[in-house]
Structure formats: C-alpha cells, structure tokens
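The values are calculated or read from the model by the stated rules, or taken from the named source; none is laboratory data. For clarity, every value in this text was computed on a predicted model and none was experimentally measured. Every residue, glycine as well, gets a Cβ built from its backbone with ideal geometry; the counts of neighbours run over all protein chains shown. Protein only, heavy atoms only, side chains kept; ligands, DNA and RNA dropped before computing areas. Shrake-Rupley method; radii C 1.70, N 1.55, O 1.52, S 1.80 Å.
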Amino acid sequence: TRSVELCVGIMCALPVHRAPSVKCQRTTRSRSILSRSTLASCYNPQEAVHQRNTLACLPPAGSLHRQDASVIARTSRTTRTSTSATSDGATGSSAGAKVGGGDGRVVREVLERPQRTKLDAGNDRAFYDVPRFVKHVDDDFLAQVTELYRQRIPPGGAVLDLCSSWVSHLPPEVSYCKVVGHGLNAAELARNPRLDSFFVRDLNRDPDGWAAADQSFDAVLCCVSVQYLQQPERVFSEVYRLLKPGGVCIITFSNRMFYSKAIAAWRDATGYARCQLVRQYFQAVSGFTQPEVLTEVRQQLQQQESGTAGRSGSNTSAGGLLSGLLAPLQRLFRRGGPSDPFYAVVSYREFKP
C-alpha cells in the first residue's frame, strides 16, 4: 500500500504538458451574388459595339430570369476552366475568336447531363413521322430570316439547311450552286422546291459523321430547331468540318417550340438566356469567330424594284430609309400586336469575310 501511494505521489508531482490551444475559427462561405458588374464581365458589350441591332447591353436591373443567371454563371465558370482543356492557347471566349488556328475540336461541354433531357424521351424519328405542312412561326419572323440569308450567304455558294422542312427561307431571287437539306421527315423535304438533295438523320442519335466532304459548304443554316439538339457541341463541331474557311453558320430561333421535345436547358429560359446558350455552342468549338447576336434584321437600303434606282435617285433613298424606320410600326399595326420575337446567332469558320 505504501508503494502505491509513493507512485501516485510521484505522478502527481510530474509537470503536466498541455497541448497548445488552437482557437477554432469558423469559416463562412460567402454567397456568390450575381451583380450587374459580374454579368457585364460575362457578356462584353465591346464585342458588338460596331454591330447594329446586336445585344450589346444587359437588360434592366432586376429583369433577368433565374435561368438567365444560371446560364451566364455557367458561361463564366466554363470560360475559366477551359484554359486547361485547350492546348493551343485558345481559352474561353477567345476560343471562337481565334483566327486561322482552330481545328474544330470540342474544347468543353456546355451542357450537363440533366440539361440535355427532354420531357418526351421517345424516338424523335417516330415523333416526326407524320408530315406537318405548316409554318411554325409567323411571316414577319420568316421575312427577317430571309433578309439575313440575303445579306450573309454569298450568291452562288453551297448551302446546307439543317432541320429543314417543306418550305425554304432562302431569298427566291438568289441562285446557289447547290442546296442540300436535312430533316427527319422525307415527305416534307421532298416538297421543298429549293433543295437539290436531302438526307434524313437523327442528330441526337448520330450527331456527327455526316456523309459530306470537309469544307464543302459556304453556309450552314438552322431555323427554329436548335432547341431540340441534345448534343449540340458535337453537331457544331461537325458544322465546322463542313464549312469552308470563311463560311457562315446562321442559327435563328423564336419562342415557339414543341415543348416536350425541347431540352431542359432551353424550355424555361428567356430569349436572352437562349442567345447566351447558342453563343456557348459556338465557343465550345475551336475555330469559330466570336458569335454575333441579332434581335432584328433590317432590309438593306437597296432598290427592291428593278429600274427605280436610275430614275428616282435621292428620293428613293429617302423613301427606303423612311420605310425601314417605319417597318416595325407597320408590323405592329398589321397584326394587331407584336410578331414572334426574332433571335439569330451568327458565326464564321476561322474568319469573317
């Protein structure tokens, strides 16, 4: 017993070394607030300062849809991360603007898997099996599409019309060396008077590997159908392959769609967010120029009637200018309301002629 007490006494006499106290600091993760300055850094107005009718400024404060914010935030995030994914030095928003150095590779994925889903996951070929001989947008919208084609597609060029239908939106007075159509319904394509040939292909199942030679088209078009692409990065890479250097790709769309067949990233987004989404499709492929976003296409101030240029002179020019300024009001009163909203995103392979 005495030996036990002695041991206890010795242990109590030994100095006690305590571990240094560490003050616990609580780290709080600050919420990321999407301010207008942040949005401005994602969409640079200087890109389009010389482009008329271009989305060069942001909507008023507080008017952005939640989907707009998520798309723009994703643009900023993918732009930062694309530096490591691009070995040739083309990064983020500069990837599309790089001239002469693109190879058509997909440098990043724009959409996450849930964003590619559709409410109707059934076979697209079966959905479009019955021909629809109707126009899905109004005549004012289609008139702007035709005018944009008139201004951007070189006469005599080779044209590929993706997701085409039974009507053509190409200017009727312009001739092209060949016009090839694509779609999901052969009966509709067979009735299109401008098509020299066509092919049927489901781009969601087979987005690339089309039976066409490299650099064989001067223009690739897609009217009111980009919202259905579930693998847009691969489709746009294939478009790049088919375009000649300096060739143009024109994507036009409105707010109309088969809702159950549109992808999730598109369905509930606003027009502004959809424009940003299509811009990202181009920027995801190395070699496209900086995309232009248009919300209106005005007719060029040229004589629409043969023989009037020499006779009317300045009076005709003044009349054409006045007609161009009054055209939006004329469309408003003719329909009794606004027409289908018009959006177009335009980009070129390697350089803009």
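Observations on the structure shown:
- Residue match in region 239-252 (condition: touching a Pro at 6+ places or on another chain (Cβ under 7 Å), surrounded by fewer than 24 Cβ atoms within 10 Å (Cβ to Cβ), modelled with pLDDT of 95 or more and within 19 Å of Ala158 (Cα to Cα)): yes
- Taken over region 201-238, the criterion of being under 13 Å from the mean Cα position of the chain (by Cα) and closer than 27 Å to Val174 by Cβ is satisfied by Leu221, Cys222, Cys223, Val224, Ser225, Val226, Val235, Phe236.
- Set Tyr128, Tyr149: member being among the hydroxyl-bearing types (Ser, Thr, Tyr), surrounded by 15 or more Cβ atoms within 10 Å (Cβ to Cβ) and at pLDDT below 95: Tyr128
- For Phe282, the conditions (1) part of a helix (DSSP H, G or I); (2) modelled with pLDDT under 95 are fulfilled apart from (2).
- Yes/no for Asp214 being assigned to a loop (DSSP other than H, G, I, E, B), touching a residue at least 24 places away in the same chain (Cβ under 8 Å) and surrounded by fewer than 18 Cβ atoms within 10 Å (Cβ to Cβ): yes
Residues are listed down the side, and each one gets a yes or a no for (1) within 23 Å of Gln283 (Cα to Cα); (2) open to solvent by 60 Å² or more (accessible area, probe 1.4 Å):
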residue: Pro114; (1), (2): yes, yes
residue: Arg132; (1), (2): no, yes
residue: Lys135; (1), (2): no, yes
residue: Val159; (1), (2): yes, no
residue: Leu162; (1), (2): yes, no
residue: Ser175; (1), (2): no, yes
